[in-house]
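**Q** Dropping a structure here in structure tokens format, bear with me for questions.
The values are calculated or read from the model by the stated rules, or taken from the named source; none is laboratory data. Since this is a predicted model, take the numbers as computed values, not measurements. Glycine gets a Cβ as well: all are built from the backbone with ideal geometry, and neighbour counts include every protein chain shown. For accessibility, only protein heavy atoms count, side chains too; no ligands or nucleic acids. Shrake-Rupley method; radii C 1.70, N 1.55, O 1.52, S 1.80 Å.
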Amino acid sequence: MVSVWSATAEISQYEPLRTDRRADVVVVGAGWIGLTTALLLAQDGADVVVLEAGRIATRTSGNTTGKVTSQHSTIYADLLDRHGHDKAGLYAEANQAAIDQVAALVQTHGIDCELTRAPAFVYSNESESEIKREAEAALSLRLPAQQTDGREIGLPAVAALRFDNQLYLHPVKFLAGVATALTAAGGQIFEQTRVTDVDTEDDGVLVSTQGGPKVRARHAVIATLLPIGLIGGYFAKTRPQQSHGIAVRLPVEAPAGMAISIDSPVRSTRPWPGGGPNGLIVVGGGHETGSEEDTAAIYQSLTDWVSSTWNHPCQAEYRWSAHDYSTADQLPYVGRTPGSDAIMIATGMHKWGLSNGMVAAGIFRELVAGRPDPWGGLYDARRIGDVKAVAKLLKDNAKVGKEFAAGHLSRALHGGLDHLEVGQGGLFEIDGEKVGAYRDPDGQLHAVKPTCTHLGCPLNWNNADTSWDCNCHGSRFSYDGSVLYGPATKPLDRS
Ligand SMILES: Cc1cc2nc3c(=O)[nH]c(=O)nc-3n(C[C@H](O)[C@H](O)[C@H](O)COP(=O)(O)OP(=O)(O)OC[C@H]3O[C@@H](n4cnc5c(N)ncnc54)[C@H](O)[C@@H]3O)c2cc1C
Ligand code: FES
């Protein structure tokens, strides 16, 4: 399944890494965070090498909603309660600044990415009180916020909070432009180069890749959504949350602003310029990665919501999904890892990694230059944080692992693999062993061992995305066993 963004953008192809290299900074992962970080560093004159397991901008950043906004649903009231006025204020300021930084990159490098200034709304059609609470928080933090009655959104709403002068864009066109600007500034990108290990060495790092070549550098920035393997133990301090997106054409002009509801089920919308004046992007259906087998039903529920909201039968022209990680204290982890000054990471963006990711890129730029974190350690990757919240998250993680060890969510299908129909997949029990199987549209059978290569959790079949998903820490594998998303770095065994 390909997102509307990947289907409508051209990205240059980059060669795999074939020989050992040295660099000032090696960036692992070429999504939003890796590419913007690499560009800022290269602009400062650093010698930067980017290593990407697949193609650039094709994982979560190529499947995002594309809103660059400081309005992160109703986060500010919670941040004020949990972290106090100073930290909530820094979060607001950092994410507002990120909007201008993204716009500045687009302008400086002439990136054609449908960048549009628009208001962002968070709204409810059920209750005014939570919106009012968030409005008070946002205003106290001097965000460009205004409470409204919701009538201007173009969606059923009784109350809304409007943030002015926010952005939406075509994320893959933006990243393709960032990659071009990066190589023009002397940076090097290597695709189809999966990193398997990152070790500290002397006063730097040694990065090993699956194909054999290694990169030595003074710093490594691990921008792989969740740090790969066991780096920093972040897999145990975060939870993977998946959402699904569709692009549709409405019978009328689409609402001009960006909007996100707080009612259940949550729906996030924004214009789809490629679909003409009636084009709309809808994202929702959130769940923990690997916890839903019938994802086809989730896409259907998004389409049904559009049809009922506009009272007209609609068809999804594109469908896609992706996941991101949440943290216990609602703040991302960005900066140096507990074990090493030379290895830095960014994760836990809570599905707001376009603005938070731009903040991360700015932090890496300062740390690499030996300057202090511009946001005073707000996202400190070494923090212990709210001990109770982290302890609960660790417990949740352990529970997920145990539940999965006890048995797959997916029911094992009966009958032989011969009966598997084209387009069908699932778990089979053969001679007491679980086998994951899928028959592709050409009739070819793909059979894998459905055990995650990260830490051994059993995998769950995802029928619409035709992938094997891990609920423990979010690794996802294609039906043929290749890694789609880490932290796993090794493919599944083929049966
Ligand atoms: C459905 C959805 C909608 C969202 N919408 C928004 C939005 O509107 N606004 C917003 O601010 N945020 C949004 N987010 C969040 C945002 O998209 C993410 O936080 C952000 O894209 C994360 O960027 P990244 O660079 O960390 O990850 P990615 O884009 O996933 O990049 C990581 C890269 O690392 C590579 N990689 C992984 N392992 C290895 C390895 N071993 N070796 C080499 N490379 C490797 C991957 O192939 C990938 O290219 C959304 C998230 C989801 C799930
Ligand atoms: S992602 Fe950790 S065990 Fe699967």
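**Q** How big is the antiparallel share of DSSP beta bridges in the chain, given as a percent to the nearest 5?
**A** 75
**Q** Another one. Report, in listed order, any pair from LYS214/LYS392; LYS67/LYS392; LYS87/LYS351; LYS351/LYS490; LYS87/LYS395 with a Cα-Cα distance greater than 29 Å.
**A** Checking Cα-Cα distances, LYS214/LYS392; LYS67/LYS392 exceed 29 Å.
**Q** Could you pull the accessible area for GLU15 with a 1.4 Å probe, rounded to 10 Å²?
**A** Probe radius 1.4 Å; accessible area of GLU15 about 110 Å².
**Q** Taking amide H atoms as placed 1.01 Å from N in the peptide plane, list the residues 5 or more away in sequence, or in a different chain, whose amide H sits under 5 Å from that of GLY150.
**A** So GLY150 has HN proximity to ALA160.
**Q** What shape does the chain take by its C-alpha gyration tensor, where a ≥ b ≥ c are the square roots of the eigenvalues and a/c under 1.5 counts as rounded, a/b above b/c as prolate, and the rest as oblate?
**A** Rounded, because the longest to shortest axis ratio a/c is under 1.5.
**Q** While we're looking at this one, here's another question. In terms of the Cα gyration tensor, with a ≥ b ≥ c the square roots of its eigenvalues, is region 277-407 rounded because a/c is under 1.5, prolate because a/b exceeds b/c, or oblate?
**A** Numbers: a/c = 3.10, a/b = 1.57, b/c = 1.98.
Oblate, because a/c is 1.5 or more while a/b does not exceed b/c.
**Q** A follow-up question, please. I need the Debye-formula profile for region 38-127: one equal scatterer per C-alpha, no solvent, reported as log10 I(q)/I(0) at q = 0.17, 0.21 1/Å, two decimals.
**A** -1.04, -1.23
**Q** Hey, any idea what % of the chain's accessible area is carbon plus sulfur with a 1.4 Å probe?
**A** Ligands and nucleic acids excluded, carbon and sulfur give 47 percent.
**Q** Okay, next question. Hey, what's the chain come to in accessible area per residue, 1.4 Å probe, Å²?
**A** Per residue, the chain has 40 Å² of solvent-accessible surface.
**Q** Taking 7 Å along the Cα-to-C-beta vector as the label spot, tell me the THR19-ALA369 distance in nanometres, rounded to one decimal.
**A** A separation of 3.3 nm, rounded to one decimal place.
**Q** Over the chain, what is the relative contact order in whole percent, taking alpha-carbon pairs under 8 Å and six or more residues apart?
**A** 17
**Q** Residues in region 463-495, backbone N under 17 Å from the label point at GLU433 (7 Å along the Cα-to-beta-carbon vector): list them, ranges by number please.
**A** In region 463-495, the label zone of GLU433 (backbone N under 17 Å from the point 7 Å along Cα→Cβ) covers 481, 492-495.
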